[in-house]
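Participant: One structure is given below, represented as structure tokens, and several questions about it will come after.
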Amino acid sequence: MKILNTAQVRQLDKDSIANQQISSDALMERAGGCCADWLLNQFGISKPYEIICGNGNNGGDGLVIARLLTLAGAKVSIWIFKDAERSDDNQLNLARLTALNIVQHEMNDASLKSQVLPGAILIDAFIGSGLKQPLRENTLGVILWMNAQKKTALSLISIDCPSGFNADAPPTINSAAVMADFTLSFHCPKLMFFFEESYKFTGQWEVLDIGLDKDLGLASQYEYLLHNDLEGIIKPRYLFSHKGYFGHALIAGGSKGHCGAVVLAAKSCLRAGAGLVTCLLPGDCVTSFHGSCDEAMTISSSEAGHIAPSPILVSRFSTVAFGPGAGKHDDTARLLKYLIQEATTPMVIDADGINILAENMTWLSFIPPGSILTPHPREFDRMAGNSVNTFERMEKAIELARLNDIIIVLKDAFTRIIFPDGRVYFNSTGNPGMATGGSGDVLTGIIAGLLAQGLSSENAAKLGVFLHGLSGDIAIENGHEQSMVAGDLISCLPQAWRRLA
């Protein structure tokens, strides 16, 4: 799903009105209807609704919502600026409310000292994504008043975009906007919904399909990775295939006290479909590894407590993954340099592999093109320096991917898959329960398993990240975010594959 900016969505509105030969009012009715249906499904008609309606088309959406909720049997009141200049569709929908006797509160200095009804559903249809200039004093007053009502209201829902929130640029320390519990976005998510600093404004969000035309002619470097984006990537297995058909992955990692990371990576690599997996381990890890993973083979390092350069014929492997639990011993760093120099196919580098690269940035230019780095934010900052916000971190990752012809999987709530040409996919699967030790090792193994089978780096990165998150989502269906461990992701991979099939 393309992530369009505000101007593009506005243009798509106009194009859809022209192509579908409908009025702007009809499109507003459609948008308001989708919101009303969502609200009724979530809250029903037993709770009072109070809707803050601005003078533009976002306010017009709110007026449609007010009418449809009232006709459904809900108790509704609206807050408006009376005698104000309104958009045509806003004025039309305000007139339609007259016969319904909906309570109208005038927004002014006096009324904004009152409170909404206890337990009310407060709807922000004040400005939406139409913010074009700094907030005026009276506009800011309404936004601050809405935020204050969260003490009384059951929930604060923003329509299309929290009022005062810039959908196309990261918020600043001084940003003033509605702090919604939930945001209902039309057609596609806004770019800024995907960044941690925005969460206090957007809350949870959902995209509503209001029937706009397909955005085929609109270009965007940003996309929201959904199930349908993976169609055609997964191929059925040939009846007469054998393990040699599905590649041989080498996973190098482990150190004293950190052998379990390689176990997780190996198991997930096998569950991802690799035909063969061999793990290069410290000598002291081999026995415990075989006690936990029967299906993978091992190569014992010459050192007992860490991995070190070994006479490995790298060309016999379909792909190499480096980093889970590896540590940063000088020998381990030399091994990474050797593997980078010898590998002829894309690698996966994670964890301490990234920490080693951060201290040897010139090595990046020798990494095989299309290799995939999977840092969490702190690991990435060690390579690229600290960032002011998560948006700046993403911009640095875009540049690093471009300069080195690599893919960067920047792990986060909406993991970003960043390609050398500047495209960025935000993943749609996953949950906070996955914030647990070993989760990243599982992702490394999944991506390595997909690369081993011959998937392109782009497809392996997209499918691997999506599968990883989907496994986490399946894990909490019969469990809980609080109790999730990395092994649960591996256990749920078969079900994740079934859902993708």
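Participant: Quick check on this structure: which one of Arg378, Arg393, Arg416 is within 20 Å of Val465 (Cβ to Cβ), surrounded by fewer than 16 Cβ atoms within 10 Å (Cβ to Cβ) and modelled with pLDDT of 95 or more?
Facilitator: Arg378
Participant: Right, next: Look at Gln42 and say whether it is assigned to a helix (DSSP H, G or I) and either among the acidic types (Asp, Glu) or surrounded by 17 or more Cβ atoms within 10 Å (Cβ to Cβ) (or both).
Facilitator: The answer is no for Gln42.
Participant: Okay, moving on. State the number of residues belonging to region 319-351 that are part of a helix (DSSP H, G or I) and either under 18 Å from Ile299 (Cβ atoms) or touching a helix residue (DSSP H, G or I) at 6+ places or on another chain (Cβ under 7 Å) (or both).
Facilitator: 12
Participant: So is Ser163 of a type in the set (Gly, Ala, Ser), touching a Lys or Arg at 6+ places or on another chain (Cβ under 9 Å) and more than 19 Å from Ile417 (Cα to Cα) or not?
Facilitator: When the stated conditions are applied, Ser163 does not pass them.
Participant: Another one. Which ones in region 357-375 are part of a loop (DSSP other than H, G, I, E, B) and surrounded by fewer than 15 Cβ atoms within 10 Å (Cβ to Cβ)?
Facilitator: Glu359, Asn360, Pro369
Participant: Hey, another quick one. Any idea which of Asp109, Asp181, Asp160 is among the acidic types (Asp, Glu) and in contact (Cβ under 8 Å) with a residue 60 or more places away in the chain?
Facilitator: Residue meeting the stated conditions: Asp160.
Participant: So is Thr298 surrounded by 16 or more Cβ atoms within 10 Å (Cβ to Cβ), among the hydroxyl-bearing types (Ser, Thr, Tyr), assigned by TED's automatic domain parsing to the domain that holds Ala326 and without any contact (Cβ under 8 Å) to a residue 40 or more places away in the chain or not?
Facilitator: yes
Participant: Could you tell me whether Val262 is over 36 Å from the mean Cα position of the chain (by Cα) and in a helix (DSSP H, G or I)?
Facilitator: Considered against the rule, which asks whether it is over 36 Å from the mean Cα position of the chain (by Cα) and in a helix (DSSP H, G or I), Val262 comes out as no.
Participant: Working only within region 49-93, note down all residues that are surrounded by fewer than 23 Cβ atoms within 10 Å (Cβ to Cβ), of a type in the set (A, V, I, L, M) and closer than 17 Å to Ala31 by Cβ.
Facilitator: Across region 49-93, the qualifying residues are Leu68, Leu71, Ala72, Leu92.
Participant: If you don't mind, another one. Between residues in region 273-286 that are farther than 19 Å from Phe317 by Cβ and outside the structural domain of Ile307 (by TED's automatic domain parsing) and residues that are at pLDDT below 95 and not polar (S, T, N, Q), which pairs lie under 7 Å by C-beta distance while being six or more apart or on different chains?
Facilitator: Pairs that qualify, where the first residue is farther than 19 Å from Phe317 by Cβ and outside the structural domain of Ile307 (by TED's automatic domain parsing) and the partner is at pLDDT below 95 and not polar (S, T, N, Q): there are none.
Participant: I want to confirm something. Restricting to region 246-260 and keeping residues that are modelled with pLDDT of 95 or more and out of contact with any strand residue (DSSP E or B) (no Cβ under 9 Å at 6 or more places or on another chain), which single residue is farthest from Ser302 (Cα to Cα)?
Facilitator: Residue satisfying both the conditions and the ranking: Gly260.
Participant: Is there any pair with a first residue in region 426-438 that is touching a residue at least 60 places away in the same chain (Cβ under 8 Å) and within 18 Å of Gln204 (Cα to Cα) and a second that is hydrophobic (A, V, I, L, M, F, W, C) and assigned to a strand (DSSP E or B) whose Cβ atoms are under 6 Å apart and which are 6 or more apart or on different chains, and what are they?
Facilitator: Close Cβ pairs satisfying both conditions: Asn427/Leu225; Ser428/Leu225.
The values are calculated or read from the model by the stated rules, or taken from the named source; none is laboratory data. For clarity, every value in this text was computed on a predicted model and none was experimentally measured. When we count neighbours, we look across all protein chains shown, and the Cβ atoms used for this are built from the backbone with ideal geometry, even at glycine.
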